[in-house]
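Presented below is the structure to which this report refers.
Every number here is computed from the coordinates shown, using simple stated rules; none is lab data. Since we're looking at a predicted model, the values are computed, not measured. Here Cβ is always computed from backbone atoms with ideal geometry, including for glycine, and neighbour counts include all displayed protein chains.
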Amino acid sequence: MSYGTPPPPPPPPPGGGYGAPPPPPPGGGYGAPPPPPGGGYGAPPPPPGGGYGAPPPPPGDGSYGMPAYGAGAAGQLAQWPARALGYIVDYALTIPGSILYFVGMPKTTVVTINGQSTTSTSGGNVVLLLLGFILLLGVWVWNRGMKGGQGQTIGRKMAGVSLVDAQGQPLGTGKALLRDVAHIVDSIICGLPIGWLAPLWDAKRQTWADKILNTYVVTVPK
């Protein structure tokens, strides 16, 4: 028997340990946030279409940034023979007015008899001259201006082509007539039709007048 011996420690609490933490909450972790819907942390949901930053699909014709060249148009640049056919038909419409104008013009006649030349000038026919001029002007404004400003003259419709601007829209009457005037530069080099033939080698198949006004001739269904 000794004095000052400390008493024995108290028996351990049920469970066999001192200060053991309570069992973890259901799920096996302390304080871990529940996973977000979809199984990831902070990852944005994929955009519609299954890709990130992918460019939108191209238009129906498979090209980016190309003009549509008007509703219903095939959008392909017309070949030179089709363009030439349309112009020939349009020019044929001016033949009646040209004949009247020519017949009505004053004419100079030179007659040579026995080495002697005699020159005479007729006064012409003012009525035929005026009628021919009005007919030529009317056909030009109606066919090349009004109808051409909507895209198709008589000749272009027969050839299956249409005239449009860079956005694929009709030019309007004023700009269509201005384009016809600009065709003067297509024959400006020694009077040769070099500019008229430019669509044969030009990448955009434009005449020089087309380049000045930024216009295009494209194929359309007949």
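How much length, in nm to one decimal, is gained on full extension between Lys107 and Ala92, taken as 0.36 nm per residue of separation minus their Cα-Cα distance?
3.0 nm
Distance between Cα centroids, the range 86-130 to the range 154-218: provide it in whole Å.
Here the answer is 30 Å between Cα centres.
Rank by packing, highest mean first: peptides 103-109, 145-151, 87-93, with packing defined as the count of other Cβ atoms within 10 Å averaged across residues.
145-151, 87-93, 103-109
Would you kindly calculate the mean projected area, averaged across all directions, of the convex hull enclosing the Cα atoms of the range 130-183, in square nanometres?
Hull-based average projected area comes out at 4.0 nm².
Once fully extended, how much extra length lies between Val141 and Ile188, figured as 0.36 nm per residue of separation less the alpha-carbon to alpha-carbon distance?
14.6 nm
Could you list, bin by bin from short to long, the percent of Cα-Cα pairs of the range 101-222 in 5 Å steps?
2, 10, 14, 16, 14, 11, 9, 7, 6, 5, 3, 2, 1, 0
Using 1/(1 + (r/R0)^6) with R0 = 45 angstrom and r between the beta carbons of Asp202 and Gln116, what's the FRET efficiency to the nearest 0.05?
Efficiency at R0 = 45 Å is approximately 0.20.
Under a point spin-label approximation (7 Å from Cα along Cα-to-Cβ), what is the Gln150-Ala82 distance to one decimal in nm?
It works out to 2.0 nm between the two label points.
Report relative contact order for the range 92-165 in percent, whole number only (criteria: Cα-Cα under 8 Å, sequence separation at least 6).
Relative contact order of the range 92-165: 29 percent.
Anything over 32 Å Cα to Cα? Flag those among Lys175/Lys222; Lys107/Lys211; Lys107/Lys147, in the order listed.
Table pairs above 32 Å Cα-Cα are Lys107/Lys211; Lys107/Lys147.
Given the peptides 185-191, 203-209, arrange them by the average over their residues of other C-beta atoms within 10 Å, most packed first.
Packing order, densest peptide first, comes out as 203-209, 185-191.
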